[in-house]
Amino acid sequence: YKVTDTSGNTTDVATINSVTGKLSINKAGTVKVTADISETYTYGSASASYTLTIDKADRNIAFENNPTTVLFNDNPFYTNQANYNKGTGTVEYSIINGADIASVDSNGKVTYTGIGDITVKAYVSADDSYKECSDTYSFKVKYADTSEYGQYISLTGTIGDNNWYTSDVIVKAQ
């Protein structure tokens with residue numbers, strides 16, 4: 001038994017056990033598998049071959065979390081890494097919606113500078129054995145409602161006869 005590329009050259013796409021004929025696939029590609037038998041006293045020599053095309057396999061990528069809302073506060077970032085299940089490669093992150101208010105680093109950390117909708121994409125390119133894959137998640141950055149978190153706002157300033165502030169106003173969260 002032998003495995004070659006379609007031109008008859010050696011290949012690393014697959015290997016074959018020359019005694020048992022067991023074929024082991026290493027990566028995607030096309031190979032020619034040949035079985036030869038030498039002439040014996042009873043039989044003449046013979047050869048048979050077939051061409052086998054091995055396609056790249058699917059793989060999956062998914063984000064660890066899928067938040068719908070993130071609060072804009074003193075720590076304006078959110079980290080959400082993506083993991084893939086097979087093959088090699090590096091996850092590449094990009095902002096596909098909301099790039100005017102957000103950026104993402106190579107670890108999936110999204111830093112945002114304002115409120116709005118953000119969509120993040122994770123992508124892994126194809127390797128020798130597996131197809132490319134990608135995933136996205138979207139979330140809204142919003143201001144916290146002060147009553148939801150037990151915070152109240154106080155205003156300090158000079159109030160005139162008409163109940164309007166007539167001086168600079170200081171806004172303070174309590």
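Counting charges near Asn97 (Lys, Arg +1; Asp, Glu -1) among other residues having Cβ under 10 Å from its Cβ returns a value of -1. Taking every C-alpha pair closer than 8 Å and separated by at least 6 residues, the mean separation divided by the residue count of the chain gives a relative contact order of 16 percent. Here is the size of region 1-53 from its Cα atoms: Rg then Dmax, 12.2, 41 Å. For the pairs Lys27/Lys131; Lys32/Lys56; Lys32/Lys86, flag any whose C-alpha to C-alpha distance is greater than 22 Å. Over 22 Å apart, Cα to Cα: Lys32/Lys86.
Under the combined filter of DSSP loop state and at most 12 neighbouring Cβ atoms within 10 Å, region 9-75 retains these trypsin sites (Lys or Arg not before Pro): Lys22. Counting only chymotrypsin sites (Phe, Trp or Tyr not before Pro) that DSSP places in a loop and that have at most 16 other Cβ atoms within 10 Å, the longest clean stretch of the chain runs over 44-151.
Between Asn17, Asn26, Asn60, the Gaussian network model of the chain with springs among Cα atoms under 10 angstrom shows the greatest mean-square fluctuation at Asn17.
The alpha-carbon positions of region 9-97 define a convex hull whose volume is 150 Å³ per residue. Accessible area per residue for the chain, computed on protein heavy atoms with a 1.4 Å probe, is 67 Å². Cross-link partners of Lys109 among lysines, defined as those whose alpha carbon lies under 16 angstrom from its own and excluding same-chain residues fewer than eight positions apart: Lys121, Lys140. Database remark: amide H of Ala126 closer than 5 angstrom to the amide H of Glu132 (H placed geometrically; neighbours at sequence offset of 5 or more, or on other chains; Pro and chain starts carry no H).
When you work out D = kT/(6 pi eta Rh) for the chain at 4 °C and 1.567 mPa s, using the Kirkwood radius from C-alpha pairs as Rh and the Stokes-Einstein form, the result is 59 µm²/s. Surface composition of region 7-94: carbon plus sulfur atoms contribute 46% of the solvent-accessible area (1.4 Å probe, protein chains only, all chains present). Considering only Val120, Val19, Val70, the mean-square fluctuation computed in a Gaussian network model of the chain, springs between alpha carbons under 10 angstrom, is largest for Val19. Compare Ser103, Ser129, Ser47 in a GNM of the chain, Cα atoms joined below 10 Å, and give the one with the largest fluctuation. Answer for the Gaussian network model of the chain: Ser47. Near the amide H of Arg59, within less than 5 Å, lie the amide hydrogens of Lys131, all on another chain or at least 5 residues away, with H placed in the peptide plane. A simple rule links phi to the HN-Hα coupling: the Karplus curve 6.51 cos²θ - 1.76 cosθ + 1.60 with θ = phi - 60°, which for region 120-125 gives 10, 10, 10, 9, 10, 6 Hz, with x for Gly and Pro.
The phi torsions of region 97-109, fed into the Karplus equation with coefficients 6.51, -1.76 and 1.60 and a -60° offset, translate into couplings of 8, x, 4, 6, 10, 8, 9, 9, 9, 6, 9, x, 7 Hz, rounded to whole numbers, with Gly and Pro shown as x.
The values are calculated or read from the model by the stated rules, or taken from the named source; none is laboratory data. The structure displayed is predicted, hence computed values, not measured ones. Note: ideal-geometry Cβ built from the backbone for every residue, glycine included; neighbour counts use all protein chains shown. In case anyone asks, the SASA skips ligands and DNA or RNA and just uses the protein heavy atoms, side chains included. Shrake-Rupley method; radii C 1.70, N 1.55, O 1.52, S 1.80 Å.
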